[in-house]
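To start, the structure under review is shown below, and the notes come after it.
The values are calculated or read from the model by the stated rules, or taken from the named source; none is laboratory data. Being a predicted model, the structure only gives us computed values, none of them experimental. So basically every Cβ, Gly included, is an ideal-geometry build from the backbone, and we count neighbours across all protein chains shown. Accessible surface areas use protein heavy atoms only, side chains included; no ligands, DNA or RNA. Shrake-Rupley method; radii C 1.70, N 1.55, O 1.52, S 1.80 Å.
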4 protein chains.
Amino acid sequence: MNTFGNIFRITSAGESHGPALTGIVDGMPAGVRIDFDAVEAQMARRRPGGALATARRETDSVTFLSGFMDGVTTGTPIAFTIANADHHSQDYESLRHTFRPSHADYTYQAKYGIRDHRGGGRSSARETAVRVAAGALAMQALAQKGIKIYAYASQIGGVALGKGFGEIDPELIDTNEVRCPDMAVAERMAAEIRSAASEGDTVGGIISCVITGLPVGVGEPIYGKFQAMLASAMMSINAAHGFDYGMGFDGCCCRGSQMIDPFIAENGRVTTASNNSGGIQGGITNGAPVTFRVAFKPVATLMRPVPTVNDDGEPVMLHVRGRHDPCVIPRAVPVVQAMAAITTLDAMLLARI
Amino acid sequence: MNTFGNIFRITSAGESHGPALTGIVDGMPAGVRIDFDAVEAQMARRRPGGALATARRETDSVTFLSGFMDGVTTGTPIAFTIANADHHSQDYESLRHTFRPSHADYTYQAKYGIRDHRGGGRSSARETAVRVAAGALAMQALAQKGIKIYAYASQIGGVALGKGFGEIDPELIDTNEVRCPDMAVAERMAAEIRSAASEGDTVGGIISCVITGLPVGVGEPIYGKFQAMLASAMMSINAAHGFDYGMGFDGCCCRGSQMIDPFIAENGRVTTASNNSGGIQGGITNGAPVTFRVAFKPVATLMRPVPTVNDDGEPVMLHVRGRHDPCVIPRAVPVVQAMAAITTLDAMLLARI
Amino acid sequence: MNTFGNIFRITSAGESHGPALTGIVDGMPAGVRIDFDAVEAQMARRRPGGALATARRETDSVTFLSGFMDGVTTGTPIAFTIANADHHSQDYESLRHTFRPSHADYTYQAKYGIRDHRGGGRSSARETAVRVAAGALAMQALAQKGIKIYAYASQIGGVALGKGFGEIDPELIDTNEVRCPDMAVAERMAAEIRSAASEGDTVGGIISCVITGLPVGVGEPIYGKFQAMLASAMMSINAAHGFDYGMGFDGCCCRGSQMIDPFIAENGRVTTASNNSGGIQGGITNGAPVTFRVAFKPVATLMRPVPTVNDDGEPVMLHVRGRHDPCVIPRAVPVVQAMAAITTLDAMLLARI
Amino acid sequence: MNTFGNIFRITSAGESHGPALTGIVDGMPAGVRIDFDAVEAQMARRRPGGALATARRETDSVTFLSGFMDGVTTGTPIAFTIANADHHSQDYESLRHTFRPSHADYTYQAKYGIRDHRGGGRSSARETAVRVAAGALAMQALAQKGIKIYAYASQIGGVALGKGFGEIDPELIDTNEVRCPDMAVAERMAAEIRSAASEGDTVGGIISCVITGLPVGVGEPIYGKFQAMLASAMMSINAAHGFDYGMGFDGCCCRGSQMIDPFIAENGRVTTASNNSGGIQGGITNGAPVTFRVAFKPVATLMRPVPTVNDDGEPVMLHVRGRHDPCVIPRAVPVVQAMAAITTLDAMLLARI
């Protein structure tokens, strides 16, 4: 199941330390002029190398192999590769027979009887580069319809943004390395990451996302609810452990009278006075911004010795080398944004809008 | 999109106030002897009528139309109907032109240009009766493989269970009307519901679920991760607003060193010393219990006057009559359990286990 | 795999001798006023009982359970049942342990380890009643867009119609019991069937089908070609053994210069001077009528003794009683038409037309 | 819809004159050691350049980018590219505004509003190189289970092989350039092609295919019948205009008594005395060889002037240059074989065999 989507679909392949990642985007509407620099800019946001991120040096440039005529999409599938430029495969030789805790080493080995142990192989978060490239294309198709998607760090470790979805300024997201649209909070978040890293430890967090400009009617009843599509997309991201939308988990401890969104008519158009529903009612968008959050666990790779077992079931001590982020949040922001874009465009096409 | 699943698939149809709900279960393994009383028992758990639930009287008996030979599944599709016995359609006449806040009335009307206004029509939670029936079949196929699924109320309004997944006794779940496996907490939860109801208000909550006995290897890499399948299933349930698994949202504010699950070998078998991963690593089950939570918003139907608009955009006052639960949690417990069973059996068949 | 289609989808269940067949149609466009008499009329065309057909008496009336509001589709799934009124299950007791030649008895038994032996169980052509009901709905949605579908007998045994797709008058199809739009040929076809039947034998044939009024652009490139969708639909019909479109098998022995369809412009609109392409080029409709044929094998149930084996592998003599057609063609005509309608509406919706 | 299959799935991208074709094979079983020379050998069979084929020089070497560990499949997706080495894009400049008769130029232009006119762009049969590469992998997985697939030319223009499926020697298929397993007939077929080519004309034909070694039970009831899967696969191949299996179109003019396949028991195993069913009964394999045929139209590109219209609807004369086969049959043989392998492996995995 390396394909995601119904009408707009991405298919992904590639291991962390093979020659390249490969993606195929199917169902892209024809006639969209693509800004390839904007694609590269999104890739740069996911790319390792910030002060808080791994030292791995990937240029992560996207080589497109099909689907365009003079820079315009033709409706045919868009294939691309992203070279794995910076192999340090020898760093991983010690992991050939060792199962890293809270990684996929053991489950892949058990499921397939064989695995690429270098850098996590297929289970590496490097796969998300394909999603960011595909999402950058989807975002451009959506932008033509006035739809915009913002994602940002709203919590890192114990440091929370403390602002609602409607209270942030998206222009501030990229003003800092954690991608939090509040510079003071961002500094505290960065300090939290550095504190964990200084102890060889890691920290988790939450990414919030807002989709604006959606028409009414996106999302399919019952099993194809827009929130179900988004949840599936988000929970497929490495290290994601939770998803909620609108009032989310906070709503469960409230009264209905505090939470219902009264309908009002503005200039003859029905809208809601509040948005605890997160822009979705009965699985279908109601025209308000769609708002959701994704919780990420702390990175499982610690930069200190950890006891584990090898594939003979013997206890061994794991000393990780290589390059690892102390917190996935800053680099996962464009991944959440990309998966939101892919899901939204797919849902729009399904709804024939 | 009224079909859910890949190999084991359920297709559902029917409105709240039509003659019947209809379900078709496809992909049921052949040769499973079905205990039809156990199916009815699950239906009874979802059925309205408890002290805390709506007064609607549905027998909710399942009439099977195909798929069995002498009570044993044959591998052919299982069709069934659930009659809508207790129509009070006239209760809903006043809703023909009114959009109830935080319901799907407006979005269905906008998407389709037509809707069945009686009892929410297709968007009614009555549809979940089909899921419970299908889930009861799936649970029996899973039980043959030693897999069990428990769901229970872990929070209602401000009252939380305060016990981890591994600390509860499933035998206690049905000892009380809120389905919380702690009788003292259950009483406080029931009081919370009654308090809201006494004010014509409603309250939300959280359902927790544990799947035990799963083999290693269930779940597909990348976009078919087991947690993504579960999230999609759960977020398709009416009123669900959040999903998390394992450490979930709580993990995001912790350090990695607190959260990784060390591998240990027990009797030559690899297992983990803790289960913050919720039984899933890299999207694939690792043999530990799969644990997750689903957050539900407060019921949107208040038993007091609420201002809203009609389909001409004019302000009107909504006075709901009819039969409505002040809290979905008790009756949603078997729905969560059913969707977990459906998803698990599908994932098992996908994994060819 | 009891579901067919992508956006417009039918799911079917039910055995020949269970209480009822069940169908669920998903993806029906909202706002289509349904002529239920026209649905019944199509059911009557498939129903057994003509002079040339089995003596089984089924009323085959369709009971709709969901999906309509005041006779108009609402976009929600349409469930229906078709009761199996005329059980003669005891006729089949002798088949409990016998494999009928060229039937699915042996393969179902081998695949599932259990089967309903009464009347072929799930493998009975009775299942096609669901398709005809669903197809009748699809035909009404298509008719609103000016699309019409005709199917007719073009060969029965050695008697061929001898007219091309464009040379027939659809009004004549139902003037005779074999459903051939040429009364003289129809008489010879009927004689062929009677001749076979008089010897306890059966005969095969070909059904031709024409879809008119299709816009340009229906069908998806590469694996979703319109002819691939149609072929899959037709080859899923009981007893179908071949499919071709346009010039079909006859084209393979011709020169390209005889077969290419020259483009011409008529009133500023591009069209073709001939239609050897069968209305499809590169998998996509070109605006000309789509034309195809389906070959059916002779019915495998002979009304004379046939040697076979039982499920112990012992030779036994098969004496079939019960009710069986000597030729499927007349009753398969509405089935081909229905599957063409289902496929066409699905392809239209996929193409967002 | 550039993906084919359910569990074993191929996704394809790329135009005739872009930088490369790209394929991703998903669902390949883990643990299969791949003979990459055998993959190249299949590619060579499809490659242009035989005496009867186009002069285009493609090396058609497959560059694998993922999915292997030390030459063994890991269960992760296999991505590959096939470079388009030999561009003569300028040959096609004259076609930028011209619709070639019986090609997809007009339908792609109408559907998408834009197309790559160079060499047919996405609609070029060059896409089938991806299928052959993917099929070569599938064939190796099938061979491990004792399943073999043979395809061969059984008719070219007016020259028919005149032998049944069981009467041919697969060893002879590649002894001649038309891939007919009878050297005398092959010479007459080659003469037929040369005769057409000498007049700037083209010729069609039929490819027959046999799958041996299949277990009982492959294929899913009703809409997933094995013949429906094969028909969809075959009708997705460029220029294919017909499909039949077993007795096929010839069976439609026969009596049932001539066509039923009597069951017999051999060494305690049920088998059939004849194979008019083509190895499939009720959509499920019965253990006999699966046999089918695919009809191909004559190539639509004539090497002589042809009248047509341009995209302004004006009549123009088409003078094709470039490189074109006078008959697709010899090069389509490995394509039919590949699609049969892909479909068979997918059906095996669906059947959990």
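So what is log10(I(q)/I(0)) for the range C:173-249 at q = 0.11, 0.17, 0.20, 0.21 1/Å, when the Debye sum runs over its Cα atoms only?
Per q value, in the given order, log10 I(q)/I(0) is -0.44, -0.87, -1.04, -1.09.
If you bin the C-alpha pair distances of the protein assembly as shown every 20 Å from 0, what whole percents do you get?
Percent of pairs per bin, in order: 10, 38, 38, 13, 1.
Kindly identify the range C:111-165 as rounded, prolate or oblate by the Cα gyration tensor criterion: order the square roots of the eigenvalues as a ≥ b ≥ c, call it rounded if a/c is under 1.5, otherwise compare a/b with b/c, prolate if a/b is larger, else oblate.
Because a/c hits 1.5 or more and a/b fails to exceed b/c, the range C:111-165 counts as oblate.
Counting just the Cα atoms, what span does the range D:70-226 cover along each of its three principal axes? Round to the nearest Å and put the largest first.
Result, largest extent first: 52, 46, 40 Å.
In degrees from 0 to 90, rounded to the nearest 10, what is the angle of the helix A:128-143 Cα long axis to the longest principal axis of chain A?
Here the helix axis deviates by roughly 20 degrees.
Under a GNM of chain B (C-alpha, springs under 10 Å), which listed residue has the highest mean-square fluctuation: B:GLN109, B:GLN140, B:GLN227?
For chain B, modelled as a Gaussian network with Cα springs under 10 Å, the answer is B:GLN109.
How big is the range A:225-279 on each of its three principal axes, counting only the C-alpha atoms and giving the largest first in Å?
In descending order, the Cα extents are 43, 27, 14 Å.
Which one, A:LEU95, A:ILE342, A:TYR152, projects farthest toward the positive side of the charge dipole computed for chain A from Cβ point charges (K/R +1, D/E -1)?
Towards the positive end, the residue furthest out is A:ILE342.
Jot down the per residue volume, in cubic angstrom and as a whole number, of the convex hull over the alpha-carbon atoms of the range D:251-298.
100 Å³
Using only Cα atoms, tell me the angle between helix A:36-46 and the longest principal axis of chain A; keep it within 0 to 90° and round to the nearest 10.
Long axis of A:36-46 versus the principal axis of chain A: about 60 degrees.
Provide an ascending nm list, one decimal, of label-point separations from D:GLU167 to the equivalent residue in each further copy; define each label point as 7 Å from Cα along Cα→Cβ.
Nearest first, the other copies' label points are 3.2, 8.0, 8.5 nm away.
Calculate the FRET efficiency for B:ARG352 and B:THR59 from the Cβ-Cβ distance with a Förster distance of 51 Å, rounded to the nearest 0.05.
After rounding to 0.05, the efficiency reads 0.85.
Against the longest principal axis of chain C, how steep is helix C:183-198, in degrees 0 to 90 to the nearest 10, with axes from Cα atoms?
Taking Cα atoms only, the helix is inclined about 20 degrees.
Mind pulling up the Rg/Rh value for chain D? Radius of gyration and Kirkwood radius, both on Cα.
Over the Cα atoms of chain D, Rg/Rh equals 0.98.
For peptide C:122-134, how many partner chain Cβ atoms fall within 10 Å of a residue's Cβ, on average?
2
For peptide A:283-289, what's the mean number of Cβ atoms from other chains within 10 Å of each residue's Cβ?
Whole-number average of other-chain Cβ neighbours for A:283-289 is 4.
Taking a label point 7 Å out from Cα toward Cβ, give me the nm distances from D:ARG321 to the same spot in the other copies, shortest first, one decimal.
Ordered by distance, the counterparts are at 5.9, 7.9, 8.3 nm.
Please give the FRET efficiency for A:THR212 paired with B:ALA191, using the beta carbon to beta carbon distance and R0 = 51 Å, rounded to the nearest 0.05.
Efficiency, rounded to the nearest 0.05: 0.80.
Copy-to-copy spacing for B:ASN267, label 7 Å out on the Cα-to-C-beta vector, in nm, shortest first?
Ordered by increasing distance: 4.2, 7.0, 8.2 nm.
When each pair of different Cα atoms in the range A:238-353 is counted once in the 1/r mean, what is the Kirkwood radius in angstroms, to one decimal?
Roughly 18.2 Å, rounded to one decimal.
log10 I(q)/I(0), Debye, Cα-only the range A:121-197, no solvent, q = 0.18 Å⁻¹?
-0.89
Pull out a ≥ b ≥ c, the square roots of the eigenvalues of the alpha-carbon gyration tensor of the range B:1-53, then state rounded if a/c is under 1.5, prolate if not and a/b is larger than b/c, and oblate in the remaining case.
Since a/c reaches 1.5 but b/c is at least a/b, the shape of the range B:1-53 is classed as oblate.
In chain D, what residue has the beta-carbon at the shortest distance from the axis of the rotation relating D to A, and what is that distance in angstrom, rounded to the whole number?
Nearest Cβ to that rotation axis, in whole Å: D:THR11, 2.
Take the range B:61-130, compute every pairwise Cα distance, and split them into 5 Å bins from 0; I just need the percent in each bin.
Calculated P(r), rounded to whole percents: 3, 14, 19, 16, 13, 11, 9, 7, 6, 2.
Go ahead and set up a Gaussian network model of chain A, Cα springs under 10 Å, then flag whichever of A:ALA240, A:ALA295, A:ALA85 fluctuates most.
So, out of A:ALA240, A:ALA295, A:ALA85, the one fluctuating most is A:ALA85.
Per DSSP H run of n ≥ 4, the term is -39500 (n - 2.57); total these for chain C, divide by its residue number, and report the mean residue ellipticity at 222 nm rounded to 500 deg cm²/dmol.
-7500 deg cm²/dmol
State the dimensionless ratio Rg/Rh of the range C:297-353 (Rg: radius of gyration of Cα atoms; Rh: Kirkwood radius).
Ratio value, two decimals: 1.29.
Using only atoms on other chains, find how many Cβ atoms lie within 10 Å of each Cβ of peptide A:4-17 and report the average.
Per-residue shielding by partner chains comes out at 5.
Explain nothing, just compute: Karplus ³J(HN,Hα) = 6.51 cos²θ - 1.76 cosθ + 1.60, θ = phi - 60°, for every residue of the range C:208-216 in order, whole Hz, x for Gly and Pro.
So the J values, rounded to whole Hz, are 9, 9, 10, 10, 10, x, 5, x, 6.
How do A:246-255, C:260-269 rank on mean C-beta neighbours within 10 Å, highest first?
Ranking the peptides A:246-255, C:260-269 by packing returns A:246-255, C:260-269.
Pick from D:TYR106, D:TYR245, D:TYR150: which is most flexible by mean-square fluctuation in a GNM of chain D where alpha carbon atoms under 10 Å apart are linked?
D:TYR106
To the nearest 20 debye, what charge dipole does chain B have about its Cα centre, counting +1 at the Cβ of each Lys and Arg and -1 at the Cβ of each Asp and Glu?
320 debye
Whole number please: convex hull volume per residue of the Cα set in the range D:135-177, in Å³?
Value for the range D:135-177: 97 Å³ per residue.
Using only alpha carbon pairs under 8 Å that are at least six residues apart, calculate the relative contact order of chain A and give it in whole percent.
22 percent
Can you pull out the buried accessible area for chains C and D, both sides counted, probe 1.4 Å, rounded to the nearest 100 Å²?
7500 Å²
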